[in-house]
Amino acid sequence: MRVLVVDDSVVFRSAIKSALDGVTNIEVVGTANNGKIALQKLAQSSVDLVTLDMEMPEMGGLETIREIKKAKFPVRIIVFSSHTTRGSEAALDALTAGADDFVAKPSGEGSGLEGAAARIREELLPKILQFMPSEARPHYSSSKEALLPGGTKPYYPKRDVHVFRPSAIVIGSSTGGPPALENILKNLPHPLSIPIFIAQHMPPVFTASLARRLKELCGIETAEAKHGEVVVPNRIYVAPGDFHMVLVKSGTQILIQLNQAPQRNSVRPAVDFLFESAVEVYGAKVMAFVLTGMGEDGLAGARVIKEKGGGVMIQEKASCVVFGMPGAIYSAELFDSMSNLEEINAVIRRMVS
């Protein structure tokens, strides 16, 4: 994986390069301090992935992404954005424009270049690895978990998602998720007859910006979920960054609980916790959608949903930025239907009308 580092700060360029130096099959082939220079280097040399700062002189990150797409350079783009409301909005704009993923930029305070490199490596490296060919990176599979003792996969009757009328919709997404969520939640009928719950792998602040953007897009009341909140129809609940979101029943009411239990599947919020808790509350009347994202979060939850008779629909590989999460469910044969974002949108519109 040949990487071009684009940042106007020499400190961050050095920290990113230091973070990637020595990693097998990853090579930093160049740096640039603004988008114009980056475009020149992309035209002159072979690059697989660009790390891109959002705020730079002469040509900033958003304009650079648009020019990369216009020139049809075959590169993946990971943007660095400040951990602020303004930075989170910029990151979402970048994803909409065609960036593949983002990393919240470390504050730069504290332990100098070495410390910054360590923090960047922890966040950036998994996001780069997801775009590498499987033979060039560590590969983990839960396929054995999907097998019965005899070595066969369990069979679960398939639901017809075109006629299924659930009591709640749960959605899990990661890399590439924000634009995918915008596509599947647009043009929803008003009011929604049921609630929708979303677990998107994002840090704090970024999930709040995502909720605001979805509310503006679909006109449905959408916000980060609050601990102890009573669930009502016609609302979309987004799991806050760094909190797991689970559903519980209290008498006749359904409540949201947030917690900071250990990460699951290396993430918090975890899709599996949301899916499993939804089954406890809604039983077979749960409909799950698993969208683009790295890893296998949602696999265990999809299994429980299918065991209880609920529905699972996954995003097709061709439209995914990363086919990790839906791919794991596909391999385990724990889905009822697989389709593109337009068809998923049509299915959701029928279910909530």
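Things to note:
- Every residue from segment 83-102 that is surrounded by fewer than 18 Cβ atoms within 10 Å (Cβ to Cβ) and part of a loop (DSSP other than H, G, I, E, B): H83, T84, G98
- Residue match in segment 208-218 (condition: without any contact (Cβ under 8 Å) to a residue 60 or more places away in the chain, in contact with a Lys or Arg (Cβ under 8 Å, 6 or more places away or on another chain), in the same structural domain as E296 (by TED's automatic domain parsing) and not β-branched (V, I, T)): yes
- Members of segment 166-211 that are farther than 24 Å from N259 by Cβ and among the small types (G, A, S): G176, A180, S193
- Residue count for segment 112-141, restricted to those that are at pLDDT 65 or above and part of a loop (DSSP other than H, G, I, E, B): 4
- Which listed residue is crowded, with 24+ Cβ neighbours inside 10 Å, in a helix (DSSP H, G or I), modelled with pLDDT of 95 or more and not assigned by TED's automatic domain parsing to the domain that holds G98, from F289, F275: F275
- In segment 216-259, residue surrounded by the fewest Cβ atoms within 10 Å (Cβ to Cβ) [restricted to those that are among the hydroxyl-bearing types (S, T, Y) and within 16 Å of I171 (Cβ to Cβ)]: T222
- The numbered conditions (1) modelled with pLDDT of 95 or more; (2) of a type in the set (D, E, K, R); (3) in a loop (DSSP other than H, G, I, E, B) are all true for E55 except (1).
- Taken over segment 322-342, residues that are surrounded by fewer than 24 Cβ atoms within 10 Å (Cβ to Cβ) and touching a residue at least 60 places away in the same chain (Cβ under 8 Å) amount to 9.
- In segment 304-316, the count of residues that are in contact with an Asp or Glu (Cβ under 7 Å, 6 or more places away or on another chain) and part of a loop (DSSP other than H, G, I, E, B) is zero.
- Scope segment 6-36; condition surrounded by fewer than 19 Cβ atoms within 10 Å (Cβ to Cβ), part of a helix (DSSP H, G or I) and not charged (D, E, K, R); matching residues: V10, V11, S14, S18
- Among the candidates E296, E307, the residue that is surrounded by fewer than 17 Cβ atoms within 10 Å (Cβ to Cβ), in the same structural domain as H201 (by TED's automatic domain parsing) and either in contact with a helix residue (DSSP H, G or I) (Cβ under 6 Å, 6 or more places away or on another chain) or of a type in the set (D, E, K, R) (or both) is uniquely E307.
- Of the numbered criteria (1) among the basic types (K, R); (2) closer than 16 Å to L4 by Cα; (3) crowded, with 22+ Cβ neighbours inside 10 Å, the one K105 fails is (2).
- Neighbours by Cβ (under 9 Å, 6+ apart or cross-chain): first from segment 44-60, closer than 10 Å to V6 by Cβ and without any contact (Cβ under 8 Å) to a residue 40 or more places away in the chain; second assigned to a loop (DSSP other than H, G, I, E, B) and not acidic (D, E): M59/N34
The values are calculated or read from the model by the stated rules, or taken from the named source; none is laboratory data. It should be emphasised that the depicted structure is a prediction, and the values quoted were computed from it without experimental measurement. In this analysis, Cβ positions are derived from the backbone assuming ideal geometry, glycine residues included, and neighbour counts consider all displayed protein chains.
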